[in-house]
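Only one structure is covered here, and it is reproduced in the block below.
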Amino acid sequence: MHSIKSCFCLLKARNSPRFEDHAILAAETTFNVNEVEALHVLFQQLSSSIIDDGLIHKEEFKLALINSESKNNLFADRLFELFDLKNNGVIEFEEFVRSLSIFHPDTPDGDKIAFAFRLYDLNHTGYIEHDEVNTFARSLTLFCLIFLWKVGIRV
Ligand SMILES: [Ca+2]
Ligand SMILES: [Ca+2]
């Protein structure tokens, strides 16, 4: 049974972002308002694939990325951790947009490199092992291109 607090959070999460929210996200990321709105459509699809609660749970994220909600996938797990900016176990729309903006063609290379480093540095040691690079390099580009392709952004 949900507590009052969790019910409130669910109701809050279900509310559709207003235009102002999209405009703020557009101002603070490399996406324009139309792209943010397109991402919202994609977010609604992904966040309702298993539990229609306005949040992307890890199982929904993996279902979108690797077509399996239960299959172990290092890349998907690590990418979920990085998208979950507030580290609360779910991806909210704002986190979704801010994280995907890393892959936008207009995002500075330095931001992309920093994101890639965090992705590869599984042990948070500040160093990247050779095997980690091999494992991730093959899949990172493909998965990100799929996300951007779904919202009509061609790179
Ligand atoms: Ca959900
Ligand atoms: Ca989160």
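For the reader, a short list of remarks on this structure follows.
- Loop trypsin sites (Lys or Arg not before Pro), region 27-136, which have at most 12 other Cβ atoms in a 10 Å radius of their Cβ (DSSP): LYS71, LYS86
- Reciprocal mean inverse distance between Cα atoms of region 58-101 - Kirkwood radius, Å: 10.4
- Net lengthening on full extension, ALA114/LEU74 (0.36 nm per residue, minus Cα-Cα): 12.5 nm
- Inter-site label distance for PHE19 and ILE66 at 7 Å from Cα along Cβ, in nm: 4.2
The numbers here are math on the coordinates, done by the rules we state, and not lab data. These numbers were taken from a predicted model, which means no experiment stands behind them. All Cβ positions, glycine included, derive from the backbone under ideal geometry; neighbour counts span all protein chains shown.
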